[in-house]
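Here's the structure we're looking at; comments come further down.
The values are calculated or read from the model by the stated rules, or taken from the named source; none is laboratory data. The structure displayed is predicted, hence computed values, not measured ones. Cβ: placed from backbone, ideal geometry, glycine included. Neighbour counts: every protein chain shown.
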Amino acid sequence: MYDIYGLPKVKKPFYTKGLKFECQKECFACCGGGPGYVWIEEEEIPKLSALLGISDQEFLDNYTKKANGRLSLLDIASDNWNCIMLKNGRCSIYENRPIQCRTYPFWHSNLHNQEYWDIEKEACPGIGKGKEYTMEQIEAIADGEETIDSIK
Ligand code: SF4
Ligand code: SF4
């Protein structure tokens, strides 16, 4: 059996005792620094355009790019490839940020095994700190049934 990333499904996860994560103030390392994709779903568009006070079409034209048949928030090459929503060192749509941002770092691609998790830890100073998430919570977030914010 394979997961959605084409990786063999792991019989016993390495995180049975839970994992710690807390986004660190003043850090926005995962919001730019190199070309990337912040995927957004069709149903997220109206909320984001309303938040910005523009039409859905204006949002699509000015804030997104298409790649691999999907829609991503734009990254700005002349601004260190930062996400277009990063303003003055913080996410300007934090409460409504896309599901991809609200489920990080508990993505299946990071949870495949301890080695993958440790590699991600190098990039994110919030991994291993703060709130502890149980295995069940981690898997619910990875499956998109919960988010980092929805678990108190
Ligand atoms: S890299 Fe980690 S700590 Fe930094 S902004 Fe992203 S999630 Fe937060
Ligand atoms: S939407 Fe916000 S949290 Fe997500 S990558 Fe952009 S700035 Fe960062």
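Taking the stretch 89-115 on its own, how many of its residues are hydrophobic (A, V, I, L, M, F, W, C) and within 20 Å of residue 70 (Cβ to Cβ)?
Counting residues in the stretch 89-115 that are hydrophobic (A, V, I, L, M, F, W, C) and within 20 Å of residue 70 (Cβ to Cβ) gives 4.
When you look at residue 64, is it within 15 Å of ligand 1 (Cβ to nearest atom), β-branched (Val, Ile, Thr), under 26 Å from residue 26 (Cα atoms) and without any contact (Cβ under 8 Å) to a residue 60 or more places away in the chain, yes or no?
No: the conditions fail for residue 64.
Restricting the search to the stretch 11-48, which residues are more than 14 Å from ligand 2 (Cβ to nearest atom) and without any contact (Cβ under 8 Å) to a residue 60 or more places away in the chain?
Passing the criteria: 11, 12, 42, 43, 46.
Give the residue, chosen from 27, 91, that is among the hydrophobic types (A, V, I, L, M, F, W, C), in contact with a helix residue (DSSP H, G or I) (Cβ under 8 Å, 6 or more places away or on another chain) and within 16 Å of ligand 1 (Cβ to nearest atom).
It is 91.
Could you list, in sequence order, all residues of the stretch 67-101 that are at pLDDT below 95, more than 8 Å from ligand 2 (Cβ to nearest atom) and under 14 Å from the mean Cα position of the chain (by Cα)?
Scanning the stretch 67-101 gives 95, 96, 99.
Only one of 145, 136, 120 is acidic (Asp, Glu), in contact with a helix residue (DSSP H, G or I) (Cβ under 9 Å, 6 or more places away or on another chain), part of a helix (DSSP H, G or I) and without any contact (Cβ under 8 Å) to a residue 60 or more places away in the chain; which?
120
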